[in-house]
Amino acid sequence: MASVLITTDYLVPGDDVYSRLTAGGHSVTFAPHAGPRGRAGELALFGGFDAAIVANEPVTSAMLDAAPTLRVIARSGVGYDAIDTVAAAERGIWVCNAPNVNHHAVAEMTIALMLAIARRLPDVIFGVREGEWPRQGGTELRGRTLGVVGFGPSGRAVADLGRAFGMRVLVTTSHPHSDGDGVEFVDLDHLCRQSDYVSLHCKADATNIRLINRGRLATMKPTAVLINTARGSLVDETALCDALESGGLAGAALDVLENEPPPPDSRLRRRSDVIVTSHLAGQTAEARKRAGISAAENVLDVLDGRPPRSPVNAPLLDSRS
């Protein structure tokens, strides 16, 4: 019997993930991630466990050093940039993610944020709540240009929905192709200049930190809106606030930030032209169920002596058996 730690906050005793793991003869411990654990808590987190299913919390080499029995870390989601995958591989630990489980949820949330800004829904909703009766005119998505940065599953799904709304869709990707998608492949600078909505759907890595920086923001239309449901590190938030304050940009909708949650004095919290949501674009009931099951299957694969079905690293050692 192996011991499995689950830190993903929406996975709970008795659910499908718990049932699959216990049916395999394994014990399950829950330690939901609800913010920073502190140095001591981080170092002790994985101690004594053979496997872990984790949310989007940091997993460092020091934490792995303190977990000599750990064999697999399975993300209950797509992104894994918070995990030191190289350090894990060096210690013989598989790292896995849950691909293709939440791209429709992310795409729908992206369109929802675009509509909320286009129709000024936050102002209307809060105005009515305060006893007012706002009647501002919004704008339509039809006929506008949507720029999609990254063309993986989420980017494709957003492009499809944008086209359904009657939008012209520009795409920036490292792998352009022509297969009837009905989109135009352009470079990032051209996309920033031409788009009314710029929506980020690319992976975050060392090569694209602050991909949307002060220079690119300066090239965008003053009527444009930036949407980020990918990773906070892709956007220079200081430059974004400066662009909004100067009138160089009309608005932003951010589901991801560099620091989550943002500090109370964050400039982003105070702006009426910015919508900030709590990293929940992929968090529908359906997507959560698929992600949890995917993570459990990866864990069971490794504990049963098989390679996991969706690894993101390749352990250099096979000493943790």
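The values are calculated or read from the model by the stated rules, or taken from the named source; none is laboratory data. Everything quoted here is computed from the prediction, not taken from an experiment. Cβ coordinates were reconstructed from backbone atoms using ideal geometry, including for glycine residues, and neighbour counts include every protein chain displayed.
Specify the residue that is nearest to residue 78 (Cα to Cα); the eligible residues are those in region 260-271 that are loosely packed, with under 15 Cβ neighbours inside 10 Å and over 13 Å from the mean Cα position of the chain (by Cα). Out of the qualifying residues, it is 261.
Restricting to region 79-96, and then to whatever is part of a loop (DSSP other than H, G, I, E, B) and either surrounded by 24 or more Cβ atoms within 10 Å (Cβ to Cβ) or among the small types (Gly, Ala, Ser) (or both), can you tell me which residue is farthest from the chain's Cα centre (by Cα)? Out of the qualifying residues, it is 92. Of all residues in region 197-223, those that are more than 20 Å from residue 77 (Cα to Cα) and without any contact (Cβ under 8 Å) to a residue 24 or more places away in the chain have Cβ atoms under 9 Å from Cβ atoms of residues that are in a helix (DSSP H, G or I) and among the small types (Gly, Ala, Ser), 6 or more apart or on another chain, in 215/239.
Evaluate region 27-34: report whether one residue or more is touching a Phe, Trp or Tyr at 6+ places or on another chain (Cβ under 7 Å), buried (at least 17 other Cβ atoms within 10 Å of the Cβ) and either of a type in the set (Lys, Arg) or without any contact (Cβ under 8 Å) to a residue 60 or more places away in the chain (or both).
Step one: filter region 27-34 for residues touching a Phe, Trp or Tyr at 6+ places or on another chain (Cβ under 7 Å), giving 28.
Add one more test, that the residue is buried (at least 17 other Cβ atoms within 10 Å of the Cβ), and what stays is 28.
Filter again for either of a type in the set (Lys, Arg) or without any contact (Cβ under 8 Å) to a residue 60 or more places away in the chain (or both), leaving 28.
Scanning region 27-34 turns up at least one residue that is touching a Phe, Trp or Tyr at 6+ places or on another chain (Cβ under 7 Å), buried (at least 17 other Cβ atoms within 10 Å of the Cβ) and either of a type in the set (Lys, Arg) or without any contact (Cβ under 8 Å) to a residue 60 or more places away in the chain (or both).
For region 1-26, which residues satisfy the criterion of being closer than 23 Å to residue 88 by Cα, in contact with a helix residue (DSSP H, G or I) (Cβ under 8 Å, 6 or more places away or on another chain) and either among the hydroxyl-bearing types (Ser, Thr, Tyr) or without any contact (Cβ under 8 Å) to a residue 24 or more places away in the chain (or both)? Within region 1-26, just 8 meets the criteria. Among residues of region 222-267 being under 15 Å from residue 279 (Cα atoms) and among the charged types (D, E, K, R), the one that is modelled with the lowest pLDDT is 260.
Pairing each residue of region 42-69 that is at pLDDT below 95 with any residue that is of a type in the set (Val, Ile, Thr), provided the two are 6+ apart or on different chains, yields C-beta distances under 6 Å for 55/7; 55/8.
On the stretch given as region 1-41, residues that are at pLDDT 95 or above and among the acidic types (Asp, Glu) total 2.
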